Amino acid sequence: MKTLYTGIVCPDPTFVHMPLIEIHPVDDEGPLLQAKNEIEVYDYLLYTSRHAVTYFPPKCIHPIVVSIGSVTTEALRGAGAEGIRQVEHDDSYGVVDWFSRQVRGRVLIPRSNLALSIIPDGLRNLGFDVTTVTAYENRTPENIEKVDLNQIDAIMFTSPSTIDNFIRLYGCLPTDKQLLTRGRITEKHLQGIIE
């Protein structure tokens, strides 16, 4: 079986790799710099991707550093963070669940320009004071070389934006391929399109 992988870094050399997202720095760093300068007012610093670590590396012990999953935790460790709290289930719902058992406070979330509102809305509903800042931009790659889908058996989508970008590129989702997703959020997005 031949699988088309749509994420940035392909985990399997046997996959056909066609990245459908690119990560770029923000054009206006003003809000990002302001958040960095005000870091001490926050109780929690929540990282929901390894890319946020690149553009907003943790520089101090305070606040409590929280990670969505193992890939992000490894990036945080590589950036010198210690005492990282990693949530049990590595998706947005898992983050909200983890915070439901924590002391209420102020949370800063450096994230993508396309990040969904599930986490900030969920945390606010729990009584947290949440600030989000765009740390990086998730963009559609320019000049994507289309893969001949006749040679593909399955497609692995790694985020909602890879699904949306695939549809923009090909016009629709194929009905004769196995459509795979990474994570509950991507699965939910896919099901919303299929239904």
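The values are calculated or read from the model by the stated rules, or taken from the named source; none is laboratory data. Computed from a predicted structure; not experimentally measured. Backbone-built Cβ (ideal geometry, glycine too); neighbour counts: all protein chains shown. To get the accessible areas, we keep the full protein, side chains included, count just its heavy atoms, and leave off ligands, DNA and RNA. Shrake-Rupley method; radii C 1.70, N 1.55, O 1.52, S 1.80 Å.
How large is the direction-averaged shadow of the alpha-carbon convex hull of the range 2-42, in nm²? It would help to have the intermediate numbers written out before the result.
Working: hull surface 18.6 nm².
Computing the convex hull of the Cα atoms and averaging its projections yields 4.7 nm².
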Simple spin-label estimate for residue 93 and residue 191 in nanometres, 7 Å along Cα-Cβ: 0.8
Heavy-atom accessible surface of the chain: percent carbon and sulfur, 1.4 Å: 49
Geometric extent, Cα atoms of the chain - Rg, Dmax (angstrom): 17.8, 54
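So how many Lys-Lys pairs in the chain land under 25 Å Cα to Cα, not counting same-chain pairs under 8 apart? Please list the in-between numbers first.
Details: 2/146; 2/177; 2/188; 36/59; 146/177; 177/188.
Final tally of qualifying lysine pairs is 6.
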Ranking by accessible area, most exposed first, for 60, 172 with a 1.4 Å probe: 172, 60
Cα centroid separation - the range 119-168 against the range 1-51, whole Å: 10
Added length on full extension, which subtracts the Cα-Cα distance from 0.36 nm per residue, residue 71 to residue 101: 8.5 nm
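Can you give the % of DSSP beta bridges in the chain that are antiparallel, to the nearest 5? Mind dumping the intermediate values first?
Working: 4 of 28 bridges.
Among the beta bridges of the chain, antiparallel pairing accounts for roughly 15 percent.
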The chain: relative contact order in percent, alpha carbon pairs under 8 Å with at least 6 residues between: 25
Cα-based Rg and Dmax for the range 1-91, where Dmax is the largest Cα-Cα distance (Å): 15.7, 51
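Using Cα-Cα distances under 8 Å and only pairs 6 or more residues apart, what relative contact order does the range 1-103 have, in percent? Could you put the intermediate results ahead of the total?
Numbers: 132 pairs, mean separation 17.7, N = 103.
Dividing the mean separation by the residue count of the range 1-103 yields 17 percent.
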Coil-residue trypsin sites (Lys or Arg not before Pro) of the range 24-94, DSSP, other Cβ within 10 Å capped at 13: 59
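At most 14 other Cβ atoms within 10 Å and a DSSP loop assignment: could you name the GluC sites (Glu not before Pro) in the range 1-83 that fit? Write out the running numbers ahead of the final one.
Numbers: sites: 22, 29, 38, 40, 74, 82; in loops: 29, 38, 82.
In loop regions of the range 1-83 (DSSP not H, G, I, E or B), the sparsely surrounded GluC sites (Glu not before Pro) are 29, 38, 82.
How much length, in nm to one decimal, is gained on full extension between residue 12 and residue 79, taken as 0.36 nm per residue of separation minus their Cα-Cα distance?
Numbers: separation 67, 0.36 × 67 = 24.12 nm, distance 2.54 nm.
The residue 12-residue 79 span can extend by a further 21.6 nm.
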Per residue value of the accessible surface for the chain (all protein chains in place, 1.4 Å probe), Å²: 53
Cα convex hull volume per residue for the range 40-111 (Å³): 78
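Which whole number of Å³ per residue matches the convex hull of the alpha-carbon atoms in the range 33-80? The partial results should precede the final answer.
Details: hull volume 3.1 nm³, N = 48.
Looking at the range 33-80, the number lands at 64 Å³ per residue.
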Whole-percent pair-distance distribution, where bins are 10 Å wide, for the alpha carbons of the range 120-163: 18, 30, 25, 16, 10, 0
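Pulled fully out, how much extra length does the chain show between residue 142 and residue 62, if you take 0.36 nm times their separation in residues and subtract their Cα-Cα distance?
Details: separation 80, 0.36 × 80 = 28.80 nm, distance 3.93 nm.
Result for the pair: 24.9 nm of gain on full extension.
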11 Å cut-off, amide nitrogen to a point 7 angstrom out along residue 2 Cα→Cβ, residues in the range 148-165: 148-154
